[in-house]
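Okay, so here's the structure we're looking at.
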C-alpha cells in the first residue's frame, strides 16, 4: 500500500526553539508533535512524511532542530542528513528511533547528527535532548554510551602517524588516556591500566576535554577518531 506524502507547516513562534518533525509513520509524527507542544520553549514549525519533503521544509523553514526518522519513503534518514550537510544554514539533527542500532548511529554521527532519541520517552526528556544539542553537545542515552564508544573503537582503522595531523597540544600521557577513553574504559579502569590514581586520571580527562573542546567522553571519542589521534592496536574492549 502506497503511503500518502505529508508536508505541513505551522505558525512560527518567536523566542522558541523551532522543531521540524520528519518521520515516515503518521502516529510517530503525531506523538512527537504532542511531546514538542507540551514544552513551553519548543515549537513545531513543520512535519514531513518522506525525505524529499523533509529536505524541502528544512530549506524553506530553517528550523533549529530536526527530529528525523531513519526509515522514510524516498530519501531515507541518513540520506536526508547527508543532503543537509550542503545547506548554508542546517538544523541540528536528532534521530528518533525505536531501538539503538550502533551501526546506524555511528553512520549518523559521522554525517553530522547531534543525537539519537528513543521514541518511548517523555516530553521532559525530549526537551532535555533538544536543549543539549542546541548547546552544541551530543545526546545519546547514558545506558547506550559505553556500548557506542566501544563500537567506535571497532569501526575505524586509526593511524596516529598520518602527516598533517596535530596532537592538539596533548601530552604523551594525555594521548594514552585518550586512547583508553576511545576503548570505552572507565576512569577506574584507566587508573589501573596506567598505574595512576583515579584523581590523576580525572585531571587528565578534564585537561583533554579542555584542549579538544569536547564536552563529554562520547564527544572526545568522536573527536579522537575523526582526527586519528589513536592507533587501531590501541583500541580496547570493556
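The values are calculated or read from the model by the stated rules, or taken from the named source; none is laboratory data. Not measured: the values here are computed from a predicted model. Note that we place each Cβ from the backbone using ideal geometry, even for glycine, and neighbour counts take in every protein chain shown.
Screening region 38-124 for strands (runs of 3 or more DSSP E) wholly inside it with 1 or more residues that are over 22 Å from residue 218 (Cβ atoms) returns the ranges 42-48.
Of the helices (runs of 4 or more DSSP H) lying entirely inside region 125-238, the ones with 2 or more residues being surrounded by 15 or more Cβ atoms within 10 Å (Cβ to Cβ) and modelled with pLDDT of 85 or more are found at 172-182, 187-194, 198-212. Those residues that are within 21 Å of the chain's Cα centre (by Cα) and at pLDDT below 90, I need them from region 1-34; list them, please. Listed by number, the list holds a single entry, 28.
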